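Structure first, commentary second.
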Amino acid sequence: MKNLANISFSGERFWTHFLAFSNIGALSQGGVERPFGSKEDLEARLYLQNACRAIGLEVQVDPIGNLWAVMPGTEKLSMIAVGSHHDSVPQGGRFDGALGVLTSLETLHALKEGGYKNRHPLALVSFTAEEPNPFNLSTMGSRTVAGRLTKDSLIRSRDWNGRPLQEAILAVGGNLELVEQARKTSNDLGAFLELHIEQGKRLERAQKPLAVVTGICGIHRLDVTVIGEANHAGTTMLADRHDAFLAASEIALAFEKSLLDEHRDDLVGTIGRFEIFPNAANIIPGSARFIVEIRASTVELMHRIASLFQKKAQAIAKRRGVQFNADVILDQAPEEMDKFLIAALEDVSTKLQIPYDRLFSMAGHDATHMASFTKAGMLFVPSIDGKSHCQDEESRFEDIVLAGQVMVDAIIQMDQTLDNNS
Ligand code: HGY
Ligand code: MN
Ligand code: MN
């Protein structure tokens with residue numbers, strides 16, 4: 001494999017770590033489950049801390065539980081960080097998040113082994129709780145670093161069973177009482193680079209091994225409650241019912257129609273979490289609770305669909321004699337990746353003779369929040385058959401090694417060209 005500074009990304013060393021890491025929370029069909037706060041989360045953190053210390057990095061856990069492993073620089077400059085997240089969705093794949101963290105580990109290892117004298121401090125970061133979790137706070141670690149979650153709201157935060165977030169944060173080595181100290185500015189962190197799987201089919205279709213990401217979609221989530229009337233499933237006549245499940249179902253289909261009517265590929269929506277109560281075969285459902293998620297390339301489109309949804313849902317609820325309530329639990333704007341980093345990634349890929357595509361991401365990433373206060377960039381490797389957030393998630397070793405080499409050479413280029421005042 002070609003390289004630009006005599007420093008090679010070692011695919012073999014990366015793969016050894018990747019296989020060992022994939023055993024943490026391993027599932028029978030090849031995937032992993034490492035939800036935030038679980039014993040697998042703790043095990044993954046321990047693995048990363050040991051692996052970072054083994055190559056001489058200084059490990060720090062910040063008050064929200066993000067793991068930072070630092071390689072000090074020769075000059076007093078802002079830090080350049082590489083990383084992603086180590087948690088996973090339920091019944092998830094091995095690559096989402098873990099790929100970025102472990103390619104970052106190998107990148108720093110290769111730079112160290114090659115005797116590279118970095119001007120900027122370089123760091124690996126593995127963010128806390130990137131995926132949705134029972135506290136309704138996805139990208140919790142990166143949002144906190146960006147100052148987008150306040151101490152008060154974090155301290156008040158409880159999961160659906162009433163467990164305080166502080167309990168889970170203390171268990172991963174953080175402390176919400178000190179959470180303001182986790183915040184960074186562009187003076188602390190000058191740039192952030194994240195390597196991730198594409199999670200779609202576009203790269204495979206374009207037959208390209210790599211993408212430079214141009215931007216990341218916005219995400220809007222509503223925590224919805226529909227309250228009807230629980231009653232006997234045999235004796236209550238159909239005309240007398242206020243079935244919360246059926247009302248929620250009609251609302252869900254109306255949501256799908258609003259999305260389809262737009263005929264766009266930069267707009268999607270999902271109801272991926274749904275519960276009915278009391279959830280028994282012989283009781284008409286009294287209430288339903290679900291999360292509606294909308295993703296779009298612009299805030300205007302995302303908000304227009306959200307208000308259309310609420311209008312349609314209210315009308316259905318009125319006709320069916322049930323109550324509809326929706327609380328906004330996430331309203332995240334789309335972000336563009338930094339032009340300077342995009343140019344560096346494209347330049348390095350071209351010099352390495354790696355064909356690449358440019359993609360706008362419809363998946364959310366920690367890089368979104370980094371982009372709100374510093375230079376952020378992303379690289380994607382293809383996902384085989386576009387599968388992700390499932391156990392079948394796969395990417396090719398050869399593609400990962402190419403992207404890993406781009407990361408090594410891009411970090412060197414950034415280290416040599418970025419400084420505090422740029
Ligand atoms: O939900 C997302 O897009 C990301 O994978 N967390
Ligand atoms: Mn994910
Ligand atoms: Mn991810």
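The values are calculated or read from the model by the stated rules, or taken from the named source; none is laboratory data. Treat the numbers as computed from the prediction; the structure is a model and nothing was measured. We place every Cβ from the backbone using ideal geometry, glycine too, and count neighbours over all the protein chains shown. Please note that ligands, DNA and RNA were not included when accessible areas were found on the heavy atoms of the full protein model with its side chains. Shrake-Rupley method; radii C 1.70, N 1.55, O 1.52, S 1.80 Å.
Helix 11-22 versus the longest principal axis of the chain: what angle, 0 to 90°, nearest 10, using Cα atoms? The angle comes out near 30 degrees. About its Cα centre, region 218-332 has a charge dipole of approximately 240 debye under the convention of +1 per Lys or Arg Cβ and -1 per Asp or Glu Cβ, with nothing else charged.
Loop-located trypsin sites (Lys or Arg not before Pro) in region 266-345 (DSSP state other than H, G, I, E, B) with a sparse environment of at most 11 neighbouring Cβ atoms within 10 Å are absent.
Modelled label positions at residue 76 and residue 2, each set 7 Å beyond Cα in the direction of Cβ, lie 4.1 nm from each other. Per residue, the chain exposes 42 Å² of solvent-accessible protein surface, assessed with a 1.4 angstrom probe and all protein chains in place. Which of these, 331, 392, 265, has the largest mean-square fluctuation under a Gaussian network model of the chain (Cα springs below 10 Å)? Top of the fluctuation ranking is 265.
Quick one: with all protein chains in place, what share of the accessible area of the chain is carbon or sulfur, to the nearest percent (1.4 Å probe)?
Using a 1.4 Å probe with all protein chains present, the chain comes out at 50 percent carbon and sulfur.
Pairs spanning more than 25 Å between alpha-carbon atoms, out of 184/208; 184/351; 76/184: 184/208; 184/351.
If I take all pairs of Cα atoms in region 62-117, what percentage of them are more than 16 Å from each other? Walk me through the numbers before you get to the answer.
On the way: 836 of 1540 pairs.
The proportion of pairs with Cα distances above 16 Å equals 54 percent.
Highest average first, the peptides 77-83, 175-181 ordered by how many other beta carbon atoms sit within 10 Å of their residues are 77-83, 175-181.
Is the shape of region 1-124 best called rounded, prolate or oblate, per the rule: a/c under 1.5 gives rounded, else a/b larger than b/c gives prolate, else oblate, with a ≥ b ≥ c the square roots of the Cα gyration tensor eigenvalues? Let's see the in-between values first.
Values: a/c = 2.51, a/b = 1.50, b/c = 1.67.
It comes out oblate by the Cα gyration axes.
Beyond 32 Å in Cα-Cα separation lie the following of the pairs 151/201; 117/151; 112/151; 112/375: 151/201; 117/151; 112/151.
Can you pull out the trypsin sites (Lys or Arg not before Pro) in region 10-88 whose DSSP state is coil and whose Cβ has at most 13 other Cβ atoms within 10 Å?
On the way: sites: 13, 39, 45, 53, 76; in loops: 76.
Passing sites in region 10-88 are 76.
Of 345, 170, 67, the residue with the greatest mean-square motion in the GNM of the chain, using alpha carbon springs below 10 Å, is 170. On a 0 to 90 degree scale, rounded to 10, what angle separates helix 244-260 from the longest Cα axis of the chain? That works out to roughly 50 degrees.
In region 116-165, one over the average inverse separation of all distinct C-alpha pairs is 12.5 Å, which is the Kirkwood hydrodynamic radius. Less than 30 Å apart at the alpha-carbon level, and either on another chain or at least 8 residues along: which lysines does that give for residue 318? Within reach: 257. The angle between the Cα long axis of helix 98-113 and the longest principal axis of the Cα atoms of the chain comes to about 10 degrees, rounded to the nearest 10. Over region 218-332, all Cα pairs binned in 10 Å intervals from 0 give whole-percent P(r) values of 14, 44, 27, 11, 2, listed from short to long.
Among 138, 84, 126, which one moves the most in a GNM of the chain with springs linking Cα atoms closer than 10 Å? Largest GNM mean-square fluctuation: 138.
Taking N as the number of residues in the chain, what value does Rg over Cα atoms divided by 2.2 N^0.38 Å take? The partial results should precede the final answer.
Working: Rg = 22.7 Å, N = 422, 2.2 N^0.38 = 21.9 Å.
Against the compact-globule rule of thumb, the ratio is 1.04.
Only Cα sites of region 299-422 enter the Debye sum here, all with the same form factor; the resulting log10 I(q)/I(0) across q = 0.11, 0.14, 0.21, 0.22 1/Å is -0.59, -0.80, -1.26, -1.32, listed in q order.
Out of the DSSP beta bridges found with both residues in the chain, what percent are antiparallel (nearest 5)? Percent antiparallel among DSSP bridges in the chain is about 70.
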